[in-house]
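The values are calculated or read from the model by the stated rules, or taken from the named source; none is laboratory data. Just so you know, these numbers come straight off a predicted model, no measurement behind them. Cβ placement follows ideal geometry from the backbone for every residue including glycine, while neighbour counts extend to all protein chains displayed.
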Amino acid sequence: MSYQQEFNAAKNDPEGFWKDKSEALEWFKPPQNILTQDENGIHHWFADGEMNTAYMALDYHVNNGRADQAALIYDSPVTNTKKTYTYRELRDEVALAAGMLKDLGVEKGDRVIVYMPMIAEAAIAMLACARIGAIHSVVFGGFAAPELAVRIDDAKPKVILSASCGIEIKRVIEYKPLIDNAIEIAEHTPQNVVVFQRPEATAELSHDRDVDWSEAISKAQPAECTPVKGTDLLYILYTSGTTGKPKGVVRENGGHAVAMKYSMKAVYDIDPGDVFWAASDVGWVVGHSYIVYAPLLHGCTTILYEGKPIMTPDAGAFWRVISEYGVKGLFTAPTAYRAIKKEDPNADLAKQYDLSCLEALYSAGERLDPATFDWLDEKFGLPIVDNWWQTETGWAIASNMTGIEKMKVKPGSATVPCTGFNVQILDENGKELGPNEQGNIAIKLPMPPSCLTSVWGDLDRFKASYLETYPGYYVSGDGGYIDDEGYLFVMGRVDDVINVAGHRLSTGEMEEIIGKHPAIAECAVIGRDDALKGQMPTGFVVLKNGITMTDEEITKELITLVRQEIGAVASFKEVHVVPRLPKTRSGKILRKTMRQIFNGEEYIIPSTIDDPDSLSEIQELKG
Ligand code: COA
Ligand code: AMP
């Protein structure tokens, strides 16, 4: 079948198409209601099916000939550890962890926060929740205590699963003090905090609520899989919106499992038994989908890598892992490829390894810029697949669907809309635009399986953020165009979200934090282009009258503040103290124009500008 035939099949008969795909998985009770709408008009997939995601991902394979195949390989250059779990071993570990959660009183529908570094226990924790129908919410380890606190208050977890520390190259980051601090800040207090002790740091278990992971596991009995409905939630994953409060993207079990399984072959051309490596973090959606769930649902071997593309120990790290485990497909963010390119421009380190197993390079998280594309193409001569997606969808909205048809590649384009995604470019009034016209990228409803069906606890926010701007469409927040051959070019966010080293961050949130500093009258944060990280946040602040601190002092305090409130991952390192911010006469800060100036792009001075000199001041800063 060609891509176009596959795409049309799903477009013309979505229910028939996705019912067929759902049959690739073993349900306890196969769904009859394939696509339904609830009382709020929201679409759901596979509502009446009964299933368990962990069963489909593990037990099914144990019972069907893959018990002794490697399911998960943990490779940690930062601790010099390697460990392989077969499907049977992983199923057994997950069943015990699920038993531990049950002993702690966790039941179907309860939330469990997973705040863990990249260790096998993080995947085990996620799957253990899935096994008993609990809803996990993984919080990226690089977030600071206040970010964790916001998620604790929103998700109200019964239990937090964690580890004593994470390791950032050589720096040991203790998690327990961060958790205790977050619980102190939060209004909600979880019943228990379970800590996996790592040799690099021992956490003090000083509260009654604290539990030692290994001790609890030693007392636990393996738990059976709890059947859940297709529409029961598997997880909540918080992502940055335009305000300070992150959005809890909810993912339903049924649609997720079907889309994950389907995408492994259709998008990534990976077969059961193959080794697939998503070099990301379980704290991000790529990690959820392609480190944990999709490869396991598909019967593959997945790699969980605790290290960086460079410095652990060098820019050959990825190539070492690929050759050592026979990786067929590598999936990472452009920033990782750029980091390798910077350290090893001739790819000499890659030449030291046998990479004959590697068949394709996949990239997502931000646009794969043509320069990086060209470098990968020249050095590796492999198919390069840029795929565009979001936490909200859980899988690629646009990609070269290499398992269906290997289409020609256009650098800078994420190729074509994936099966089930009716992608349209809309103008400001919601009118569909023609080829090569830039606008807002939207998806005509209904979306295919796996896409979010609400924001946790806030249906109104879900509707307001995604569905109400253009009725009948989901609005992605990205801008771009479709060329006359149907190729989608995603050019960047049209809102206040930025992408720093593949990490999605909100400039609005940074502004809220900076605005709290007593010396600041007002501020604006924009995303400045960066050769390595894609974008870097850049702050502009106006001081209150009478402030005597120097610019250096202010800058230092603001950088520390953002690091304390969001975390090091914000990479907030640049602040400019300015006499005023460019604004319209009605008082709107001209962030877009500031961004264009700072990025050396062409810009038009808005006719509504209050004082044109304020833009000249920004221009001078840029130099
Ligand atoms: N826990 C604690 N701190 C973390 C962290 C974690 N899990 N992840 C990152 N940080 C810290 C880093 O140590 C760094 O701290 P510093 O400012 O004190 O040096 C800061 O957050 C910024 O991290 P990062 O933006 O990742 O930059 P880096 O300079 O450490 O590394 C790359 C640059 C390109 C090597 C790295 O960003 C990378 O590997 N990116 C891949 C991104 C990715 O997988 N994205 C997922 C989407 S597919
Ligand atoms: P996240 O939800 O963290 O996965 O971030 C999603 C956002 O990252 C998207 O809305 C885009 O702005 C950006 N993004 C992800 N992948 C791509 C890609 N392949 N091309 C362009 N932008 C991307």
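With respect to Glu324, determine if the residue is in contact with a Gly (Cβ under 9 Å, 6 or more places away or on another chain) and either closer than 23 Å to Asp274 by Cα or near ligand 1 (Cβ under 9 Å from one of its atoms) (or both). It is false that Glu324 is in contact with a Gly (Cβ under 9 Å, 6 or more places away or on another chain) and either closer than 23 Å to Asp274 by Cα or near ligand 1 (Cβ under 9 Å from one of its atoms) (or both).
In the set (1) touching a residue at least 60 places away in the same chain (Cβ under 8 Å); (2) surrounded by fewer than 18 Cβ atoms within 10 Å (Cβ to Cβ); (3) of a type outside the set (Asp, Glu), Thr391 fails one condition alone, (2). Filtered by the rule that a residue be more than 16 Å from ligand 1 (Cβ to nearest atom) and surrounded by fewer than 22 Cβ atoms within 10 Å (Cβ to Cβ), the range 493-512 gives Val494, Asp495, Gly508, Glu512. Just one residue in the set Asp344, Asp348, Asp314 is without any contact (Cβ under 8 Å) to a residue 12 or more places away in the chain and either surrounded by fewer than 19 Cβ atoms within 10 Å (Cβ to Cβ) or over 30 Å from Thr239 (Cβ atoms) (or both); that residue is Asp348.
Would you say Lys108 is in contact (Cβ under 8 Å) with a residue 40 or more places away in the chain and surrounded by 18 or more Cβ atoms within 10 Å (Cβ to Cβ)?
no
Screening Ile270 with (1) within 16 Å of ligand 2 (Cβ to nearest atom); (2) among the β-branched types (Val, Ile, Thr); (3) assigned to a loop (DSSP other than H, G, I, E, B); (4) modelled with pLDDT of 95 or more gives one miss only, at (1). Ser323 - would you say it is within 14 Å of ligand 2 (Cβ to nearest atom), small (Gly, Ala, Ser) and touching a Leu at 6+ places or on another chain (Cβ under 9 Å)? Taking the combined requirement at face value, the residue does not satisfy it.
Can you tell me how many residues in the range 242-264 are assigned to a helix (DSSP H, G or I) and touching an Asp or Glu at 6+ places or on another chain (Cβ under 6 Å)? Count: 1.
Somewhere in the range 521-528, is a residue in contact (Cβ under 8 Å) with a residue 60 or more places away in the chain, buried (at least 22 other Cβ atoms within 10 Å of the Cβ) and in a loop (DSSP other than H, G, I, E, B)? Looking through the range 521-528, none of the residues is in contact (Cβ under 8 Å) with a residue 60 or more places away in the chain, buried (at least 22 other Cβ atoms within 10 Å of the Cβ) and in a loop (DSSP other than H, G, I, E, B).
Here Ala360 passes the criteria (1) within 30 Å of Thr453 (Cβ to Cβ); (2) touching a residue at least 60 places away in the same chain (Cβ under 8 Å); (3) out of contact with any helix residue (DSSP H, G or I) (no Cβ under 6 Å at 6 or more places or on another chain) except the one numbered (1). The residues of the range 394-406 that are surrounded by 24 or more Cβ atoms within 10 Å (Cβ to Cβ) and either away from ligand 1 (no atom under 16 Å from the Cβ) or aliphatic (A, V, I, L, M) (or both), listed by number, are Ala396, Ile397, Ala398, Asn400, Met401. Just one of the listed residues (Ala371, Ala414, Ala398) is small (Gly, Ala, Ser) and modelled with pLDDT under 95, and it is Ala371.
Taking the conditions (1) within 16 Å of ligand 2 (Cβ to nearest atom); (2) aromatic (Phe, Trp, Tyr); (3) touching a Gly at 6+ places or on another chain (Cβ under 9 Å) in turn, Tyr353 satisfies each one other than (1). Counting only strands (runs of 3 or more DSSP E) wholly contained in the range 47-160, the ones carrying 1 or more residues that are within 17 Å of Leu233 (Cα to Cα), among the aliphatic types (A, V, I, L, M) and in the same structural domain as Glu23 (by TED's automatic domain parsing) occupy 111-115, 135-138.
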